[in-house]
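First comes the structure, then the notes that go with it.
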Amino acid sequence: MDYVSTRGSAPVLDFASVTLAGLASDGGLYVPRDWPVLSRDEIADLAGLDYVETAVRVCAPFVGDVLGEAELRSLLGRAYASFSHAATVPLVQLDGQHWLLELFHGPTLAFKDVAMQALGQLFERFLSGSGRHLTVIGATSGDTGSAAINALAGVEGVEVFMLHPKGRVSDVQRRQMTTVLTPNVHNIAIEGSFDDAQALVKAMFNDASFARRFPLSAVNSINWARLMLQIVYYFYAAVRLGAPERAVAFSVPTGNFGDVFAGYVASRMGLPIERLVVATNENDILHRALSAGDYSVGQVAPTSSPSMDIQVSSNFERLLFDLHGRDGAALAATMQGFEATRAMAVPDAMRGEASALFASARVDVDSMAQTLRWAQDKCGQIIDPHTAIGLAAAKRHVGAAPMVTLATAHPAKFRDAVERACGIRPALPARVAGLFDREERYAVLPAELGAVQAFIAERARPADAVAA
Ligand SMILES: *Cc1c(COP(=O)(O)O)cnc(C)c1O
């Protein structure tokens, strides 16, 4: 499979290069040249397969011949061995219409582990013995950072710099990052919002001389391999609920549009998805874009679902690419306009096309808390605030098809917010015991490109220092 940039002018890459690449050199995001399709029979054949085997079947067309099937299987097997549930991502029934897909049984208690544990394996595979060295730079609203650090700590050839907005991640999230003292891990608390941190990362990728000095890589959801690995659980869940005979709907708590974009790809691949609900908190740019065509950046409001406190949703560009008929030059012009004005009107024709699959909802804190209590009182499930936003949106858009809400975080990861909403303080699971006894290490920097680049330049390995 070849990968092309959404802005049309970056080099075409294969799967190995796209995994290590991050942002394309023209400022765009990589996508497969075309969407592979699984036939009805191939989807039916997924019934009863375990998670690793499902992942092999779904990922194989994207990987192409870069990895053999046996190697892909053993790599994915190693990745998911770190999950604490035998079903990897168990499906839990709430009532006659609603299900939860629990994606938080990995080492850092959020769905990001599903992709990141396998991405760590892919990095190791593509770098080991190559003599190559990468500087991974990421911005995190909390969960990406902990998942990436857990997956990449100690991986040879990788230096990780993770930027998080100071004071705007939960204590569990922060400690899952800052207590990892492995020498290749560097945490930076940015005095600003997540969007500030993300803008700094983008600026470093767009700074050609910096990117030449330090071979940069991204593990944010702009990384294609991460999205690919998230497509798998849409198939896994839908097949268990009757696909391909029966269509299934999904509700996805959304920030950077990565997770829900993976659902879109599953649909393009032939999975019968009746509806994809884009659930946002008060930071509702995606809801405004999909319901009214208004993709304009507002102020980030800190909420009790911090992993969704995002205004600029990077992966929305990947959907816009398809809505522009995959015309990279046209999209590049649109995105340049957006970057200059921080606003874009999504034309009605494109919005109409998107609405065939997508619905959206903005869920405020009261509706979130009410839904969290409903799940506890009526279904005996304690859910986290992100999941509660997804479930509240699911209840507004449920139709004939079974509705699966992606449960994106373990309630203990956001236990203060859960306690505020329902009075119960969820216990930390055994796999993160000791988190509050460990030493923390992180730097605090202003949201200034020069300061962050200087910090990284002192610690990263320049390209010309690559060992022979
Ligand atoms: C990252 C995250 C989200 C949002 O996912 P995107 O791919 O950015 O849309 C939702 N919930 C939790 C718990 C997360 O960590």
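Just a few scattered comments:
- Qualifying residues in the range 27-43 (those that are assigned to a helix (DSSP H, G or I) and touching a residue at least 12 places away in the same chain (Cβ under 8 Å)) - the one most open to solvent (accessible area, probe 1.4 Å): ARG40
- Qualifying positions in the range 311-341 - part of a loop (DSSP other than H, G, I, E, B), open to solvent by 10 Å² or more (accessible area, probe 1.4 Å) and modelled with pLDDT under 95: VAL312, SER314
- Scanning the range 141-190 for residues that are outside any strand (DSSP E or B), β-branched (Val, Ile, Thr) and either over 21 Å from GLN230 (Cβ atoms) or more than 16 Å from the ligand (Cβ to nearest atom) (or both) turns up VAL155, VAL169, VAL172, THR178, THR179, VAL180, THR182.
- Complete set of residues in the range 311-325 that are more than 16 Å from the ligand (Cβ to nearest atom) and touching an Asp or Glu at 6+ places or on another chain (Cβ under 9 Å): PHE321, ASP322, LEU323
- When THR178 is tested against (1) crowded, with 21+ Cβ neighbours inside 10 Å; (2) within 22 Å of VAL444 (Cβ to Cβ); (3) free of Cβ contacts under 8 Å to residues at least 40 places away in the same chain, only condition (3) is not met.
- Residue match in the range 274-297 (condition: touching a helix residue (DSSP H, G or I) at 6+ places or on another chain (Cβ under 8 Å), within 16 Å of the ligand (Cβ to nearest atom) and closer than 18 Å to VAL31 by Cβ): yes
- The residue list ARG212, ARG226 contains one member that is under 16 Å from THR140 (Cβ atoms) and of a type in the set (D, E, K, R), which is ARG226.
- Of the residues making up the range 131-150, those that are open to solvent by 20 Å² or more (accessible area, probe 1.4 Å) and within 20 Å of ASN223 (Cα to Cα) are ARG132, ASN150.
- Once the range 379-401 is narrowed to residues that are surrounded by fewer than 24 Cβ atoms within 10 Å (Cβ to Cβ) and not in a helix (DSSP H, G or I), the residue that is farthest from the ligand (Cβ to nearest atom) is ALA400.
Residue by residue, here is whether (1) buried (at least 23 other Cβ atoms within 10 Å of the Cβ); (2) more than 23 Å from ARG459 (Cα to Cα); (3) in contact with a helix residue (DSSP H, G or I) (Cβ under 7 Å, 6 or more places away or on another chain); (4) not polar (S, T, N, Q) holds:
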site	(1), (2), (3), (4)
ALA110	yes, yes, yes, yes
VAL114	yes, yes, yes, yes
GLY120	yes, no, yes, yes
GLY154	no, no, no, yes
VAL160	yes, no, yes, yes
GLN173	yes, yes, yes, no
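- Here GLN376 fits the description: open to solvent by less than 60 Å² (accessible area, probe 1.4 Å) and away from the ligand (no atom under 16 Å from the Cβ).
- Residue list for the range 275-310, restricted to those being of a type in the set (Asp, Glu), in contact with a Ser or Thr (Cβ under 8 Å, 6 or more places away or on another chain) and either at pLDDT 95 or above or open to solvent by 20 Å² or more (accessible area, probe 1.4 Å) (or both): GLU282
- The single residue among VAL265, VAL219, VAL260 that is more than 30 Å from SER130 (Cβ to Cβ) and either within 16 Å of the ligand (Cβ to nearest atom) or assigned to a helix (DSSP H, G or I) (or both) turns out to be VAL260.
The values are calculated or read from the model by the stated rules, or taken from the named source; none is laboratory data. Predicted model, so just to flag it, every value in this text is computed and none were measured. Cβ coordinates were reconstructed from backbone atoms using ideal geometry, including for glycine residues, and neighbour counts include every protein chain displayed. Accessible surface is based on the protein model in full, side chains and every heavy atom, while ligands, DNA and RNA are left aside. Shrake-Rupley method; radii C 1.70, N 1.55, O 1.52, S 1.80 Å.
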